[in-house]
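These notes are about the structure you will find just below.
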Amino acid sequence: MAGAAVLFLVVAAAYASFYIAPEERTMRVLQRIFYFHAASAWAGMTAFSICFVANLLYVWRRQEKWDALGVSCAEVGLAFTTVVLITGPIWAKPAWGIYWTWDARLTSTFVLWLLYISYLLLRTLIEEPDRRALLSALFGIFAFIDVPIVFGAIRWWRTQHPAPVIMGGPDSGLEPTMRAVFFFSVLALHALMVFLIVERYQLEKMRADFEIVRREAEAQ
Amino acid sequence: MALLSNAAVLLGKELRTEFRSRELLTTTVVFILIVIVLFSFTFDPTSDESRRFAPGLLWLAFLFASSLMLQPCFLREQHNDTLSALRLSVSDPFAIFLAKLAANTLFLLLTELLLLPVFAVMYNVPVLHVLHWLVLVFFLASLGISISGTALAAISAQARMRELLLPLLLLPLLTPILVASTEITKSLLDRAPFVQWKGIGFLAVFDLVFLTALWLFGEYLLEE
């Protein structure tokens, strides 16, 4: 049921961004990828933020559920960030003439992606569940703290990404219909994100339960 | 105060262990030397080209070397399970980190200063007139590398494939250090050298942020 609702929202957002949003003057149809690209970036950032909070809560409370939530958010956030990193170059090639430029937001998104790949990799290399949960939570905390610093460094010393159109300067902003479609896409992709996290979280719980049963069976 | 005196004693132990064998320092120096020589084949190291590319490759060499050099600081303690003894001997586990990161900073700084003349000669970049500024940048960057590296070495020491894991965890985390130190070094080695105060402040902020994080979360890294 929840899955069907999320599917409806995502399809509606896709329809809105292709048929309801007006055509942008210079970029034409190309600009429509923005509803998907930027909204995925927001959803990915939200997932990583929840991951950070879950990591902190695990270190503090030591409850298994926070570890399960942390890994679920990291994986889902990584999936959304991968979408951002793929849709970006698709847009950039016709718009800027190049697929990739080492600008602040591109590069820091890429570093963010790498950091969470490392986070998941670290988890596969520690056997004991409690230790895995604690150490990966601590690495997650360090990684999340690093993200704004990475962004600051690259922004200061090298910077082609379009200036922010949402919450940017006084001259920035979106045409009202575009704005409505954009926030609808943000809503749809956040719904998808929450849905995926919940599904992944339940899977993690089942895996943990299975592990307990397997150990008991082995002990007998 | 107890924290600092504990850390000082432990720092003495770290330095004694290393200077008995000097194996960490010698291997790191040789490693960086190899990287510097190999890099010279990837472009034509004339003075102008060097000014553009050399600062970046110097810092890349230091970063790679540090990801190898920081490895043993916790692995060494595992062989005879001396980490438990260390933990029992100090009241605040942060003292262990403080000692190890101070020792690592010192080792890194020492290798960097040993290799700076080699680098300057081989890549045709005069460094003497800005030496004091370079030392400051080396110090701040090495401190940052050591703070985050010591924390991550404590993590990777408890995992499988630990030798490979530390570079994977550490290198992306050190991106800000690489960007900042490369840019500061570039402006110092310029024909008209200038000091990027902004960059020096940036390195100091990095150090401070990660030192605070280590102070807050360090004890959990050493839990049994």
Taking only pairs six or more apart or across chains, which ones have beta-carbon atoms under 8 Å, a first residue in the stretch A:1-25 that is within 17 Å of A:ALA43 (Cβ to Cβ), and a second residue that is surrounded by 11 or more Cβ atoms within 10 Å (Cβ to Cβ) and among the polar types (S, T, N, Q)?
A:ALA13/A:SER185; A:ALA16/A:SER185; A:SER17/A:SER185
Looking at A:GLY77, A:GLY70, which one is away from chain B (no Cβ under 14 Å), part of a helix (DSSP H, G or I), closer than 21 Å to A:ASP209 by Cβ and touching a helix residue (DSSP H, G or I) at 6+ places or on another chain (Cβ under 8 Å)?
A:GLY70
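Regarding A:ARG105, is this residue in a helix (DSSP H, G or I), modelled with pLDDT under 95 and either in contact with a strand residue (DSSP E or B) (Cβ under 6 Å, 6 or more places away or on another chain) or facing chain B (nearest Cβ under 10 Å) (or both)?
Working: in a helix (DSSP H, G or I): yes; modelled with pLDDT under 95: yes; either in contact with a strand residue (DSSP E or B) (Cβ under 6 Å, 6 or more places away or on another chain) or facing chain B (nearest Cβ under 10 Å) (or both): no.
No; evaluated as a whole, the condition is false for this residue.
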Condition met for B:LEU128 (surrounded by fewer than 22 Cβ atoms within 10 Å (Cβ to Cβ), more than 17 Å from B:CYS73 (Cβ to Cβ) and away from chain A (no Cβ under 12 Å)):
yes
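Of these, B:LEU38, B:LEU75, B:LEU25, which one is under 30 Å from B:VAL179 (Cβ atoms) and at pLDDT 90 or above? Full working, then the answer.
Values: B:LEU38 fails: at pLDDT 90 or above; B:LEU75 fails: at pLDDT 90 or above.
Just a single option satisfies the conditions, and that option is B:LEU25.
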A:LEU134 - would you say it is more than 23 Å from A:LEU192 (Cβ to Cβ) and of a type outside the set (Gly, Ala, Ser)?
yes
Only listed residue being within 13 Å of another protein chain (Cβ to nearest Cβ) and either surrounded by fewer than 16 Cβ atoms within 10 Å (Cβ to Cβ) or farther than 29 Å from A:ARG215 by Cβ (or both), chosen from A:ILE86, A:ILE149, A:ILE98, A:ILE126
A:ILE149
Considering residues of the stretch B:44-71 that are touching a helix residue (DSSP H, G or I) at 6+ places or on another chain (Cβ under 6 Å) and outside any helix (DSSP H, G or I) only, the residue modelled with the lowest pLDDT
B:GLN71
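Being more than 24 Å from B:SER50 (Cβ to Cβ), part of a loop (DSSP other than H, G, I, E, B) and within 12 Å of another protein chain (Cβ to nearest Cβ) is the requirement here; does B:ALA159 meet it?
Spelling it out, B:ALA159 is indeed more than 24 Å from B:SER50 (Cβ to Cβ), part of a loop (DSSP other than H, G, I, E, B) and within 12 Å of another protein chain (Cβ to nearest Cβ).
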Taking A:VAL59 and the conditions (1) at the interface with chain B (Cβ under 9 Å from one of its Cβ atoms); (2) of a type in the set (A, V, I, L, M); (3) not in a helix (DSSP H, G or I), which numbered condition does it fall short on, given that it satisfies the others?
(3)
Among the numbered criteria (1) modelled with pLDDT of 95 or more; (2) within 11 Å of another protein chain (Cβ to nearest Cβ), which one does B:LEU164 miss?
(1)
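Considering only the stretch B:178-195, I want to know if a residue exists there that is more than 25 Å from B:LEU38 (Cα to Cα) and either under 15 Å from the mean Cα position of the chain (by Cα) or within 14 Å of another protein chain (Cβ to nearest Cβ) (or both). Steps first, please.
Restricting attention to the stretch B:178-195, the residues satisfying the condition of being more than 25 Å from B:LEU38 (Cα to Cα) are B:191-195.
Applying the additional criterion that residues be either under 15 Å from the mean Cα position of the chain (by Cα) or within 14 Å of another protein chain (Cβ to nearest Cβ) (or both) yields none.
No, because not a single residue in the stretch B:178-195 is more than 25 Å from B:LEU38 (Cα to Cα) and either under 15 Å from the mean Cα position of the chain (by Cα) or within 14 Å of another protein chain (Cβ to nearest Cβ) (or both).
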Can you pull out the residues in the stretch B:147-156 that are under 13 Å from the mean Cα position of the chain (by Cα) and more than 8 Å from every other protein chain (Cβ to nearest Cβ)?
B:ILE147, B:GLY149, B:THR150, B:ALA153
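Let me confirm something: among B:LEU115, B:LEU70, B:LEU98, B:LEU109, which residue is surrounded by 16 or more Cβ atoms within 10 Å (Cβ to Cβ) and under 20 Å from B:ARG162 (Cβ atoms)? Explain how you work it out, then say what you get.
Numbers: B:LEU115 fails: under 20 Å from B:ARG162 (Cβ atoms); B:LEU98 fails: under 20 Å from B:ARG162 (Cβ atoms); B:LEU109 fails: under 20 Å from B:ARG162 (Cβ atoms).
Residue meeting the stated conditions: B:LEU70.
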What's the number of the only condition in (1) farther than 25 Å from A:PHE110 by Cβ; (2) in a helix (DSSP H, G or I) that A:THR26 fails to meet?
(2)
Identify the residue in the stretch A:171-213 that is modelled with pLDDT under 90 and among the aliphatic types (A, V, I, L, M) and, among all such residues, is farthest from the chain's Cα centre (by Cα).
A:ILE212
Every listed condition ((1) in a helix (DSSP H, G or I); (2) closer than 20 Å to B:THR182 by Cα) holds for B:LEU15 save (2)
Cross-chain or 6+ apart pairs with Cβ under 6 Å, the stretch B:167-189 first and surrounded by fewer than 24 Cβ atoms within 10 Å (Cβ to Cβ), then not in a helix (DSSP H, G or I)
B:SER187/B:PHE194; B:SER187/B:GLN196; B:LEU189/B:VAL125
In the stretch A:129-146, which residue that is surrounded by fewer than 20 Cβ atoms within 10 Å (Cβ to Cβ) and over 22 Å from A:LEU106 (Cβ atoms) is farthest from the other protein chains (Cβ to nearest Cβ)?
A:PRO129
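The values are calculated or read from the model by the stated rules, or taken from the named source; none is laboratory data. Source: prediction; values computed, not measured. Counting neighbours? That spans all protein chains shown, and the Cβs are built from the backbone with ideal geometry, glycine included.
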